[in-house]
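J.: This is the structure I have questions about; it appears just below.
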Amino acid sequence: MFITMALAGQPNVGKTTVFNMLTGLSQHVGNWPGKTVEQRTGEYTHAGQIIHLVDLPGTYSLTANSEEERIARDFILRERPDVVIVIINAAALERNLYLVAELLALPVRIVIGLNMMDVAKRHGAEVEPHVLEAALRVPVIPLVATYNQGLYELMDAALCLAKDRVDFAPNRPEIRPAHRPVLEEIRSLIAAKTPFPCPADWAAIKLLEGDAEITEMIRQAVPDEWEHIHALLKQHEDAALDVAGGRYEWIERMVRAAISKPKVGVITFTDRLDQVALHPFLGLVMLTGIFGLVFWLTYTVATPVVDWLDTVVISELAASTRGMLVAAPGWSTSLVVDGLIGGAGTVLVLMPVLIIFFAILGFLEDIGYLARSAYVMDRFMHWMGLHGRSFLPFFIGLGCNVPAVLGARVVGERRARLLTILLIPLVPCTARMAVIAFLAPAFFGERAALVTWGLVTLNIIILALTGIAINRTVFKGEHVAFIMEMPLYHLPNARTIGLFVWNNTWDFIKKAGTIILLFSALVWALAYFPSGHIQTSLLAQLGRWLEPLGQPMGLADWRMIVALLSSFIAKENTIAVLGILYGTESDLGLATQLSGALSPAAALAFLVVQMTFIPCVATMAAIKQEIGWRWTGFSVGLLLLLSLCFGILAYHVAHLVGL
């Protein structure tokens with residue numbers, strides 16, 4: 001028999017660190033049913049008792065204004081965990097206690113983990129946990145989670161509470177006196193008919209706060225009394241101020257009892273560093289330097305490993321497998337070697353990039369810098385209805401779109417995260433740029449650098465215009481409310497970062513790896529059958545069938561269409577397939593042939609389409625993993641439309657200017 005405990009807390013309080021420390025590799029990552037918000041569960045054994053631990057989404061309150069708040073509230077109300085462990089930041093006690101105030105109104109036992117005690121002390125705040133515990137009448141355990149300090153005591157207190165070994169009679173906040181009679185009258189009107197899972201006391205408070213979801217639920221549950229209740233609510237519209245005011249007065253009493261504030265005028269390390277990190281100009285310089293270093297580390301360390309995996313491990317495995325299957329039918333050998341091993345190779349060669357990316361992302365998140373990068377870029381991202389956190393995935397997308405899509409998890413609000421993921425494939429990754437770096441000189445000679453610069457600039461413009469268009473049409477011009485906390489800088493924890501890397505990388509392998517293998521096998525079949533040669537394959541027939549679509553942009557040669565289609569597996573495939581179709585394995589020979597294969601206008605159109613075409617299968621698999629098939633289909637359809645329209649536009653504009 002296991003006990004269920006939920007971990008709750010505001011963002012940046014160390015809740016994930018506590019969860020990782022307790023569950024280690026026994027945790028499971030998925031999505032909440034019907035939601036795209038990440039769900040993390042795990043098991044932990046304490047004093048012989050198996051504990052099922054649920055990591056609730058980080059949330060500032062339980063008002064259900066966002067999907068994260070609704071999920072956290074619904075889980076506590078409907079699932080009724082045995083204990084809710086609330087992690088709060090000792091260095092920001094006032095703000096963190098607001099969530100505690102709301103949780104105490106629910107029918108659940110709570111224990112408080114007072115985390116970051118070391119950080120609070122470094123910033124001049126002396127917090128006395130035993131005094132806070134006496135004031136709250138709730139177990140309060142001091143923690144330094146990054147060093148595994150206090151976690152045993154925290155779980156010991158939670159287990160005692162879950163098994164009813166201690167009384168639980170907390171000091172709950174109360175509404176201000178002016179509206180207490182109104183609250184009591186509403187509670188008495190709904191008490192007998194309050195629907196599950198809402199307690200009558202809590203539902204009455206939510207009615208006074210104007211919570212739309214609870215208001216509608218109660219309206220349907222008590223139709224006879226609703227007219228009277230509605231009249232009371234209309235008459236006392238200012239009651240919400242007394243509800244919040246009562247909580248803040250309660251918080252002030254708790255803090256006054258438990259904390260010694262730092263002296264006025266004390267300038268901390270965080271303050272000094274933020275003078276640069278949050279400066280409108282110097283912050284951009286710092287951000288550019290940090291992410292330049294990210295790229296340098298990623299490709300200095302990862303590229304040699306990727307090349308070794310591709311040229312040694314995958315190539316040798318393919319060669320030895322081909323030798324073992326020499327007596328097998330040609331199609332089966334090709335399926336195993338070119339389809340399955342080739343697909344598995346795509347997953348394998350992505351691993352070094354993903355591991356290094358997630359390690360750097362985890363490091364920047366752990367030390368507290370990611371919030372600063374979001375703040376610096378926030379005003380620029382607002383043009384597309386996004387906020388600053390969306391900048392990070394876009395920037396990472398310049399290296400590879402796969403970790404960029406997965407990195408969009410740093411964007412907490414669902415609509416902003418969805419829009420960010422839809423736009424990421426328009427960020428030119430290094431694979432696209434490698435194709436452009438080969439083809440631009442072949443098509444344009446000395447003008448290649450200018451053409452390449454123009455293509456990258458065009459992609460950025462298309463990304464911005466597409467973001468504005470989607471926001472104003474699909475999302476009706478909504479702007480994201482961006483509440484951003486600036487966490488204190490602190491030392492990173494290797495275990496936390498390591499578990500972050502493991503969980504995200506393994507999650508990608510499990511979910512996206514299967515899709516990559518399936519689509520790799522599908523594209524292999526199209527390129528192999530019925531003759532065993534790509535020139536006469538179903539893929540070539542598809543290319544010839546699609547020739548009419550290429551003609552408006554000057555691409556009358558079906559081989560160029562097939563090269564584009566083959567880039568679905570990997571963007572670099574464009575060059576390899578062109579080499580096969582034009583009858584040469586020599587890069588120099590291929591470049592010479594391509595230089596006369598298309599007119600300059602058609603060549604420009606081809607490069608524009610290459611830059612805006614549908615993403616590779618690995619990116620598509622990551623998109624499906626994050627936002628589901630429906631939005632993945634929307635993304636593919638949108639990119640096909642954009643690539644076709646801008647390819648045609650580029651061709652005709654190039655003709656007009658005499659290119």
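J.: Of these, Gly399, Gly362, which one is in contact with a Ser or Thr (Cβ under 8 Å, 6 or more places away or on another chain) and within 25 Å of Ala570 (Cα to Cα)?
T.: Of Gly399, Gly362, the one residue that is in contact with a Ser or Thr (Cβ under 8 Å, 6 or more places away or on another chain) and within 25 Å of Ala570 (Cα to Cα) is Gly399.
J.: For residues in region 234-270 being loosely packed, with under 12 Cβ neighbours inside 10 Å and closer than 26 Å to Tyr489 by Cα, which is modelled with the highest pLDDT?
T.: So the first thing to find is which residues in region 234-270 are loosely packed, with under 12 Cβ neighbours inside 10 Å, and the list is 234-235, 237-238, 256, 260, 263-267.
Now restrict to residues that are closer than 26 Å to Tyr489 by Cα: 256, 260, 263-267.
Details: Arg256: 88, Ser260: 72, Lys263: 47, Val264: 50, Gly265: 50, Val266: 53, Ile267: 55.
Among those residues, the one meeting the criterion is Arg256.
J.: How about region 238-258: which of its residues are among the acidic types (Asp, Glu) and either more than 38 Å from the chain's Cα centre (by Cα) or over 18 Å from Ala203 (Cβ atoms) (or both)?
T.: Hits for region 238-258 are Asp238, Glu249, Glu252.
J.: Given (1) assigned to a loop (DSSP other than H, G, I, E, B); (2) more than 29 Å from Met217 (Cα to Cα); (3) free of Cβ contacts under 8 Å to residues at least 24 places away in the same chain, identify the lone condition not met by Val166.
T.: Val166 satisfies all of (1) assigned to a loop (DSSP other than H, G, I, E, B); (2) more than 29 Å from Met217 (Cα to Cα); (3) free of Cβ contacts under 8 Å to residues at least 24 places away in the same chain except (3).
J.: On to the next question. Restricted to region 631-659, and to residues that are among the β-branched types (Val, Ile, Thr) and farther than 19 Å from Gln610 by Cβ, which residue is modelled with the highest pLDDT?
T.: Looking at residues that are among the β-branched types (Val, Ile, Thr) and farther than 19 Å from Gln610 by Cβ, I get Thr632.
J.: Note down all Cβ pairs under 9 Å where the first residue falls in region 387-399 and is surrounded by fewer than 24 Cβ atoms within 10 Å (Cβ to Cβ), the second is of a type in the set (Phe, Trp, Tyr) and part of a loop (DSSP other than H, G, I, E, B), and they're at least six residues apart or on different chains.
T.: Gly388/Phe482
J.: For Glu184, are the conditions met, namely being in the same structural domain as Ile205 (by TED's automatic domain parsing), without any contact (Cβ under 8 Å) to a residue 24 or more places away in the chain and farther than 16 Å from Leu7 by Cα?
T.: Considered against the rule, which asks whether it is in the same structural domain as Ile205 (by TED's automatic domain parsing), without any contact (Cβ under 8 Å) to a residue 24 or more places away in the chain and farther than 16 Å from Leu7 by Cα, Glu184 comes out as yes.
J.: For region 72-107, give me each residue that is in contact with a Leu (Cβ under 7 Å, 6 or more places away or on another chain), over 19 Å from Leu488 (Cβ atoms) and without any contact (Cβ under 8 Å) to a residue 60 or more places away in the chain.
T.: Arg73
J.: Kindly indicate which of Ala178, Ala231, Ala221, Ala203 is crowded, with 20+ Cβ neighbours inside 10 Å, farther than 30 Å from Gly14 by Cβ and either more than 35 Å from the chain's Cα centre (by Cα) or not assigned by TED's automatic domain parsing to the domain that holds Met21 (or both).
T.: Ala203
J.: Residue check: is Ile623 modelled with pLDDT under 95 and within 19 Å of the chain's Cα centre (by Cα)?
T.: Numbers: modelled with pLDDT under 95: yes; within 19 Å of the chain's Cα centre (by Cα): yes.
Yes.
J.: I need the full set of residues from region 400-420 which are among the hydrophobic types (A, V, I, L, M, F, W, C), touching a Pro at 6+ places or on another chain (Cβ under 8 Å) and buried (at least 24 other Cβ atoms within 10 Å of the Cβ), in order please.
T.: Answer for region 400-420, where residues must be among the hydrophobic types (A, V, I, L, M, F, W, C), touching a Pro at 6+ places or on another chain (Cβ under 8 Å) and buried (at least 24 other Cβ atoms within 10 Å of the Cβ): Ala404, Val405, Ala408, Val411.
J.: So, one more: Is it true that Tyr375 is at pLDDT 80 or above, closer than 30 Å to Ile468 by Cβ and surrounded by fewer than 21 Cβ atoms within 10 Å (Cβ to Cβ)? Please lay out each step first, then the result.
T.: Working: at pLDDT 80 or above: no; closer than 30 Å to Ile468 by Cβ: yes; surrounded by fewer than 21 Cβ atoms within 10 Å (Cβ to Cβ): yes.
Judged against the criteria, Tyr375 is not a match.
J.: Assess whether Glu126 counts as being within 30 Å of Met1 (Cβ to Cβ) and either touching an Asp or Glu at 6+ places or on another chain (Cβ under 6 Å) or among the acidic types (Asp, Glu) (or both). First the steps, then the outcome.
T.: On the way: within 30 Å of Met1 (Cβ to Cβ): no; either touching an Asp or Glu at 6+ places or on another chain (Cβ under 6 Å) or among the acidic types (Asp, Glu) (or both): yes.
So Glu126 fails the test.
J.: With the requirement that a residue be surrounded by fewer than 23 Cβ atoms within 10 Å (Cβ to Cβ), among the small types (Gly, Ala, Ser) and part of a helix (DSSP H, G or I), what does region 551-583 give you?
T.: Ala576, Gly579, listed by residue number.
J.: Name the pairs: first residue in region 2-14 and aromatic (Phe, Trp, Tyr), second residue surrounded by fewer than 20 Cβ atoms within 10 Å (Cβ to Cβ), Cβ to Cβ under 8 Å, at least 6 apart or on different chains?
T.: Phe2/Glu43; Phe2/Gln49; Phe2/Ile50; Phe2/His52
J.: Condition first: under 29 Å from Gly554 (Cβ atoms), part of a helix (DSSP H, G or I) and in contact with a Cys (Cβ under 9 Å, 6 or more places away or on another chain). Now tell me which residues in region 613-638 satisfy that.
T.: Answer for region 613-638, where residues must be under 29 Å from Gly554 (Cβ atoms), part of a helix (DSSP H, G or I) and in contact with a Cys (Cβ under 9 Å, 6 or more places away or on another chain): just Thr619.
J.: Out of Thr146, Thr194, report the one residue that is touching a residue at least 40 places away in the same chain (Cβ under 8 Å) and among the hydroxyl-bearing types (Ser, Thr, Tyr).
T.: Within the list Thr146, Thr194, the selection yields Thr146.
The values are calculated or read from the model by the stated rules, or taken from the named source; none is laboratory data. Owing to the predicted nature of the structure, the values given are computational and were not obtained by experimental measurement. Every residue, glycine among them, receives a Cβ derived from its backbone with ideal geometry; neighbour counts consider all protein chains shown.
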